[in-house]
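Heads up: the structure comes next, in structure tokens.
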Amino acid sequence: MPRENLNDLLAFLAVAREKSFTKAAAQLGVSQSALSHTIRGLETRLGVRLLTRTTRSVSPTEAGERLATAVGPHFQEIDAELASLSGLRETPTGTIRITTGVHAAETIVWPKLQPFLRAYPDIRVELNAEYALTDIAAERYDAGVRLGEQVAKDMIAVRIGPDFRMAVVASPTYFEKLAKPKAPQDLTAHNCINLRLPTYGGLYAWEFEKGQRELKVRVDGQLVFNSSPQILKAVLAGFGLGYLPEDTVTPYLQRKELVRVLEDWCAPFPGYHLYYPSRRQTSPAFGLLVEALRYKR
């Protein structure tokens, strides 16, 4: 295959991955018009349409999806091998991309990253904090951070944090007019502040466990947010009950700015894990990062 065809394939993969000519062009360092011309030329040579373009979005066609699935992993393996070769240098170097949840980023990953980055100034880290359960292979991340129960079985998982619990909390003023819930079912009578998950587009169901009983409760209320910090602010302002990580509300409980309920129904979750593909050729830089994040009891 001529070398220019390989470049065209890389351009197509960037657009398919980002689902945007604007983002892909910025990533590749070319103009949108040049990128669009490249894609049209590739489609002409292959004789099939690879992308469906509308005024608002870009998405792969069936042929485009098949091509991306077939050739994308090979380019990822090439990138991984090149990264491992660069790691043979005396000084660890390279860029490591990690996707993580917001809570894990703030409480686990970033505190451990700070001394690591100071110790290895030639290693770059891109940290993307979001609630979506990102496909790290498709989005070309080196690793992801999620709760242990959310890690796929075909991934290598390294624990980076202890088990933790969620907490149902509200302000003291909220309970001046309403009785405290004694069981998860009582939440239907309360104004609960919801979290919308971008991965599924739905509202997060509050999870409870007591003995052998496990419940997922769909709560309702006046407010819906897409991040925990916003929920915490609304709870402190007295707008309702929130379901939040225990460590984020502990200072407010100690100062009696919040009241906790249903504590006996909030069982521990498996702690956060760093996960990455088992076939990944790890570079020295990545290996150092794994050890820096590893949870030490």
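The values are calculated or read from the model by the stated rules, or taken from the named source; none is laboratory data. Since the structure is predicted, the reported quantities are computational estimates derived from the model, not experimental observations. Glycine also receives a Cβ, built like all others from the backbone with ideal geometry; neighbour counts cover every protein chain displayed.
Tabulated data for the structure shown
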quantity: Close pairs from the stretch 250-277: first without any contact (Cβ under 8 Å) to a residue 40 or more places away in the chain, partner surrounded by fewer than 16 Cβ atoms within 10 Å (Cβ to Cβ), Cβ under 9 Å, at least 6 apart; calculated: 251/257
quantity: Exclusive hit being within 21 Å of residue 138 (Cβ to Cβ), surrounded by fewer than 14 Cβ atoms within 10 Å (Cβ to Cβ) and not polar (S, T, N, Q), set 53, 17; calculated: 53
quantity: Condition met for residue 79 (assigned to a helix (DSSP H, G or I), of a type in the set (D, E, K, R) and either modelled with pLDDT of 80 or more or within 26 Å of residue 21 (Cβ to Cβ) (or both)); calculated: yes
quantity: Failed criterion for residue 23 (all others in (1) surrounded by 14 or more Cβ atoms within 10 Å (Cβ to Cβ); (2) under 19 Å from residue 70 (Cβ atoms); (3) charged (D, E, K, R) hold); calculated: (2)
quantity: Listing of helices (runs of 4 or more DSSP H) fully contained in the stretch 192-297 that carry 1 or more residues being buried (at least 17 other Cβ atoms within 10 Å of the Cβ) and among the polar types (S, T, N, Q); calculated: 228-236, 246-254
